[in-house]
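Take a look at the structure below.
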There are 2 protein chains.
Amino acid sequence: MGGAFLPKFDANGHITAVITDAESGAVLMVAFMDGEALARTRESGLAHFHSRSRGRLWMKGETSGHTLQVEEILVDCDQDALVLKVRPNGPACHTGAQSCFYRKLDGDSLAQV
Amino acid sequence: MGGAFLPKFDANGHITAVITDAESGAVLMVAFMDGEALARTRESGLAHFHSRSRGRLWMKGETSGHTLQVEEILVDCDQDALVLKVRPNGPACHTGAQSCFYRKLDGDSLAQV
């Protein structure tokens, strides 16, 4: 059940990262990491991602200051998805919400959670 | 903050779905949905995904019986990721573990959570 860490990146070189609050367990956001983002995250202890829209490495909070301090990284059965348990320094969502998942499906509309 | 549900599928027609236990909040697995999987999930109340390896629609538990009853669907700020809060009918992981995230990074190795 142990073994070596051999992350499986997809055809685009990305692995899915689910960011959860280390304290509450709430899902804060979902992002993608490439090998560089994963290495920088492990070195610095601050979450780095690959921005698909900007096509570059991105440290969460590099402009807002709302960094994510990584406490633990969980790896799934196939090693193609990660859970990063973090302590957020401010709201995780760029909208100012604590979590990016602040709405729920309600019929064909979105309602505040 | 409300508005219409307009899920953003990626270039491959997929949206990331994070599956959490409705009771404990634990992340159970990560999977991908296409439009068909999302429609079937909403119709049936049971989680359906798009299997990238099999290249087809897949109802979680279709062979194992370990289906996932969907209680609520959360939508993120960009509408390109979903959280499905579920009641699992059995272990969520094909290994028999309750969650696919049963290991954590420990240096360059994996350790049981």
Would you be able to say whether some residue in region B:4-27 is in contact with a helix residue (DSSP H, G or I) (Cβ under 9 Å, 6 or more places away or on another chain), among the aromatic types (Phe, Trp, Tyr) and either at pLDDT 95 or above or within 21 Å of A:Val83 (Cβ to Cβ) (or both)? yes
Consider B:Pro91 against the criteria (1) over 26 Å from A:Leu6 (Cβ atoms); (2) of a type outside the set (Ser, Thr, Tyr); (3) surrounded by fewer than 17 Cβ atoms within 10 Å (Cβ to Cβ): it satisfies all of them except one. Which criterion is unmet? (1)
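For every residue, the table says whether it meets (1) more than 14 Å from B:Cys93 (Cα to Cα); (2) within 9 Å of chain A (Cβ to nearest Cβ); (3) touching a His at 6+ places or on another chain (Cβ under 6 Å).
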position	(1), (2), (3)
B:Ile15	yes, no, no
B:Val18	no, yes, no
B:Glu23	yes, no, no
B:Asp34	yes, no, yes
B:Arg40	yes, no, yes
B:Glu43	yes, no, no
B:His48	yes, no, no
B:Gly55	yes, no, no
B:His66	no, no, no
Name every residue in region A:75-87 that is assigned to a strand (DSSP E or B) and either surrounded by 22 or more Cβ atoms within 10 Å (Cβ to Cβ) or in contact with a Ser or Thr (Cβ under 8 Å, 6 or more places away or on another chain) (or both), in order of residue number. A:Val75, A:Ala81, A:Leu82, A:Val83, A:Leu84, A:Lys85, A:Val86
Are any residues in region A:56-70 surrounded by fewer than 14 Cβ atoms within 10 Å (Cβ to Cβ) and either in a strand (DSSP E or B) or at positive phi (or both), and if so, which ones? A:Arg56, A:Gly65
Taking the condition surrounded by 13 or more Cβ atoms within 10 Å (Cβ to Cβ), under 28 Å from A:Phe5 (Cα atoms), in contact with a strand residue (DSSP E or B) (Cβ under 7 Å, 6 or more places away or on another chain) and at pLDDT below 95, does A:Arg52 pass? yes
May I ask you to list the residues in region B:72-100 that are more than 16 Å from A:Ala26 (Cβ to Cβ), without any contact (Cβ under 8 Å) to a residue 12 or more places away in the chain and at the interface with chain A (Cβ under 8 Å from one of its Cβ atoms)? B:Thr95, B:Ala97
Out of (1) closer than 20 Å to B:Gly25 by Cβ; (2) in contact with a Gly (Cβ under 8 Å, 6 or more places away or on another chain), the odd one out for A:Thr16 is which? (2)
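The values are calculated or read from the model by the stated rules, or taken from the named source; none is laboratory data. Values in this document were obtained by computation on a predicted structure and should not be read as measured data. Please note: Cβ atoms are built from the backbone with ideal geometry, for glycine as well, and neighbour counts cover all protein chains shown.
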